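The values are calculated or read from the model by the stated rules, or taken from the named source; none is laboratory data. Bear in mind the structure is a predicted one, so any value in this text is a computation, not a measurement. Note that each Cβ is placed from the backbone with ideal geometry, even for glycine, and that neighbours are counted across all protein chains shown. In case anyone asks, the SASA skips ligands and DNA or RNA and just uses the protein heavy atoms, side chains included. Shrake-Rupley method; radii C 1.70, N 1.55, O 1.52, S 1.80 Å.
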Amino acid sequence: MTTTSTLLCIHRDPVQLNLLTEEGYGLITATNGSDGLRLLVSQLVDAVVLEYHLGLLDGVVVANEIKQVRPRLPIVMLADAVELPDGALRSVDALVAKSDAPRILLATIRSVLQAKHATQGDKAGGELLTTPGGDNMPNPSKHQILVVDDDPSVCETVATLLISAGYDVATAEDGFRALLQLRKMLPDVIVSDLHMPGMSGFELLSVVRRRFPRILTVAMSGAYPGSELPVGVIADGFFAKGGHATNLFKTLEELLRAAQARSSDHQRDMAPAWIPRNGNDSQGMPYVMLTCAECLRSFQMTVREETTGQVLEVACRFCPSTSRYIIQPATQGMRELMA
């Protein structure tokens, strides 16, 4: 699947921004270093185009900060001249003079992106590193993670933990915003809360499995004890909120080690659609609206409580096809109302 490369542009030159837009790049822009670093935590990007002269927080400091949290993220620096103080380019992958022809900047960006993609083509196992607790895990600097949670404090805490372990991390506050992120770039793993307004994690993880089968997924919740996946959750792993961070690291380690096999399994087996409850009909009976995966027509079905949370095969009322669904259990509906 081909995706458009997204650039974080931390500079104030509209001509350069227009040039990159016309070339087909997706742009996320900031006019100063502080805003650029904040955007880096919440957005998935392929490379950074950074101006040397940014004012109080100059480009050298910003580049060093970026490499601290995302060491393999390419940085192209724009400067008035190619002669810079010693150490200014320590964290920079390429330098382009503002006076150079536009084709030089475009060729440089293409070059650093190609180098990055070549590195990401290495096998998922990667090098090993040792966590502070002494556990071995794959080098996380090659992997990107999208954290989805409607609680800003939880989202920030989990993201900070993963960044400190060397992962590239982006965040989204709900399922719909997570899907918008996936239009820009596909992460290696999604770590998602289950109980969120709008689109719950149950539904998001089901959509991800069907639309993006190569992405690994970890469900996250404080409503279920232990490490087992809750009923009706379509994910590769589970992390209980409040648990030790090493539990999350170990879960990610196991998933990333077996990434290729798991992705193949995902692509071979079509995941069922997770269906939220719609309420009760005029006769007081609980019901859901199902959409056929073949003809895309929707129809109503009465809920039988003894089958909720299980994978159901339901024949379409309009065409000869049969689709697979998981109906939201009543207990999950109560949890979401109370969350």
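Of the strands (runs of 3 or more DSSP E) lying entirely inside the stretch 44-112, those containing at least 1 residues that are touching an Asp or Glu at 6+ places or on another chain (Cβ under 7 Å), at pLDDT 90 or above and buried (at least 16 other Cβ atoms within 10 Å of the Cβ) span 75-79. For the stretch 233-248, the count of residues that are surrounded by fewer than 13 Cβ atoms within 10 Å (Cβ to Cβ) and modelled with pLDDT under 75 is zero. Identify the residue in the stretch 288-320 that is in a loop (DSSP other than H, G, I, E, B) and under 16 Å from Arg210 (Cβ atoms) and, among all such residues, is modelled with the highest pLDDT. The extreme case among them is Cys292. Considering only residues that are part of a loop (DSSP other than H, G, I, E, B), open to solvent by less than 20 Å² (accessible area, probe 1.4 Å) and in contact with a Gly (Cβ under 9 Å, 6 or more places away or on another chain), which ones fall in the stretch 181-194? Within the stretch 181-194, Met185, Leu194 meet the criteria. Please determine, by comparing only the residues of the stretch 195-214 that are surrounded by 21 or more Cβ atoms within 10 Å (Cβ to Cβ) and hydrophobic (A, V, I, L, M, F, W, C), which one is farthest from Glu254 (Cα to Cα). Looking at residues that are surrounded by 21 or more Cβ atoms within 10 Å (Cβ to Cβ) and hydrophobic (A, V, I, L, M, F, W, C), I get Met196. Within the set of pairs 6 or more residues apart or between chains, which connect a residue that is without any contact (Cβ under 8 Å) to a residue 60 or more places away in the chain and outside any loop (DSSP other than H, G, I, E, B) inside the stretch 271-283 to a residue that is of a type outside the set (Val, Ile, Thr) and open to solvent by 20 Å² or more (accessible area, probe 1.4 Å) with Cβ atoms less than 6 Å apart? Cβ pairs passing all conditions: Asn280/Pro286.
Checking Leu7, Leu27, Leu20 one by one, the residue that is in contact (Cβ under 8 Å) with a residue 12 or more places away in the chain, touching a strand residue (DSSP E or B) at 6+ places or on another chain (Cβ under 9 Å) and outside any strand (DSSP E or B) is Leu20 and no other.
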